[in-house]
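J.: What follows is a single structure, and I will ask about it in a moment.
The values are calculated or read from the model by the stated rules, or taken from the named source; none is laboratory data. Remember, predicted model here, so these are calculated numbers, not experimental data. Note that we place each Cβ from the backbone using ideal geometry, even for glycine, and neighbour counts take in every protein chain shown. Side chains are part of the model used for accessible areas, which takes the heavy atoms of the whole protein and leaves out ligands, DNA and RNA. Shrake-Rupley method; radii C 1.70, N 1.55, O 1.52, S 1.80 Å.
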Amino acid sequence: MQKPVRLDKYLADAGCGTRSEVKIHIQKGKVTVDGECIRKPEFKVTDQEVCLDGKTVSQAKEFVYYLLHKPAGVISATTDRKEKTVMDLFPEEIRNGRRELFPVGRLDKDTEGLLLITDDGALAHELLSPKKHVDKTYFAVVNGILGDDAIRVIKEGVDIGDREITLPAALEVLNTGEDGNTEVLLTIQEGRFHQVKRMMKAVGCEVVYLKRITMGSLHLPSDLLKGMWRELKDEEVFALKNTLYTDGFPML
Ligand code: URA
């Protein structure tokens, strides 16, 4: 059962016009609820069928979730006076719509890959909380060879100049090229500032390319081109929330 909501709010949230525009539609008798003409904007609707000019109006979702393939060269911010932001990759009606969208966490300007954009502050807070240990996997190309000691240190925890060493990480060396570059998959449970670059620097390597490919249960789809985005499916949102346990209970 949906939460009761005023009829004018229901229609405005569903994109049928501003609150005052939809009030006029209601007062003119253009709106029906379960087939009955309702002329009161304050009328409460829950699960009934709402129609405007005879067409069904579906209830707006409480929150929206977009999965963006961030390209290099844009910053993870909502606005900036000088730089192009991740929000500039969305069309005007989403960017400047009634929802206050923001990126969940930051990828560096030169980092590519999966970035979640939403207006769900509670979910963002949980995903970014250091206590939640949400896994993030990065594909990185580093210049240098990762020896056994470096691999062990990265896996067990490395001193990157913070108070605490990093939490254990998963590291898979994919290949070492003749150019001296090494390709790795690194999964970390935290999201410290420049963390991957600093972890690699701590073992004497420089990251020359970085791309995030997973966050929690989300995976960067192989057919989502750089700079493109798509809305998450309901089951993807469900799975993401289901990975976040609060006091032993899923956050649903
Ligand atoms: N680690 C980094 O160093 N940079 C990013 O953008 C993300 C993780």
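J.: Counting only residues that are within 16 Å of the ligand (Cβ to nearest atom), hydrophobic (A, V, I, L, M, F, W, C) and within 12 Å of Tyr66 (Cα to Cα), how many does region 77-114 have?
T.: 3
J.: Can we say Glu126 is among the charged types (D, E, K, R) and away from the ligand (no atom under 13 Å from the Cβ)? Lay out the reasoning, then the answer.
T.: Details: among the charged types (D, E, K, R): yes; away from the ligand (no atom under 13 Å from the Cβ): yes.
Yes, satisfied.
J.: Restricting to region 217-238, what's the tally of residues that are open to solvent by 50 Å² or more (accessible area, probe 1.4 Å), assigned to a loop (DSSP other than H, G, I, E, B) and more than 16 Å from the ligand (Cβ to nearest atom)? Full working, then the answer.
T.: Looking only at region 217-238, we keep the residues that are open to solvent by 50 Å² or more (accessible area, probe 1.4 Å), and these are 219, 222-223, 225-226, 228-231, 233-235, 238.
Now drop any that are not assigned to a loop (DSSP other than H, G, I, E, B), which leaves 222-223, 225-226, 228, 233.
From what is left, the residues that are more than 16 Å from the ligand (Cβ to nearest atom) are 222-223, 225, 228, 233.
Of the residues in region 217-238, 5 are open to solvent by 50 Å² or more (accessible area, probe 1.4 Å), assigned to a loop (DSSP other than H, G, I, E, B) and more than 16 Å from the ligand (Cβ to nearest atom).
J.: Next question, about the same structure. For region 120-216, list the strands (runs of 3 or more DSSP E) that sit wholly inside it and hold at least 2 residues that are in contact (Cβ under 8 Å) with a residue 24 or more places away in the chain and open to solvent by less than 20 Å² (accessible area, probe 1.4 Å); which are they? Before the answer, list the steps.
T.: Values: elements: 136-143, 170-176, 181-188, 206-215.
Passing ranges, in order: 136-143, 181-188, 206-215.
J.: Could you check region 63-94 and list, in sequence order, the residues that are assigned to a loop (DSSP other than H, G, I, E, B), touching a residue at least 12 places away in the same chain (Cβ under 8 Å) and at negative phi? Spell out how you get there, then give the answer.
T.: Let us first name the residues in region 63-94 that are assigned to a loop (DSSP other than H, G, I, E, B), namely 63-64, 71-74, 76-84, 90-91.
Restricting the remaining residues to those that are touching a residue at least 12 places away in the same chain (Cβ under 8 Å) gives 63-64, 71-74, 76-78, 83, 90.
Residues satisfying the conditions are Phe63, Val64, Pro71, Ala72, Val74, Ser76, Ala77, Thr78, Glu83, Phe90.
J.: Check Ile38 against each of (1) more than 24 Å from Asp234 (Cα to Cα); (2) open to solvent by 50 Å² or more (accessible area, probe 1.4 Å) and name the one condition it does not meet.
T.: (2)
J.: For region 144-174, which positions are basic (Lys, Arg) and in contact with a strand residue (DSSP E or B) (Cβ under 6 Å, 6 or more places away or on another chain)?
T.: Lys155 - this is the single residue of region 144-174 that is basic (Lys, Arg) and in contact with a strand residue (DSSP E or B) (Cβ under 6 Å, 6 or more places away or on another chain).
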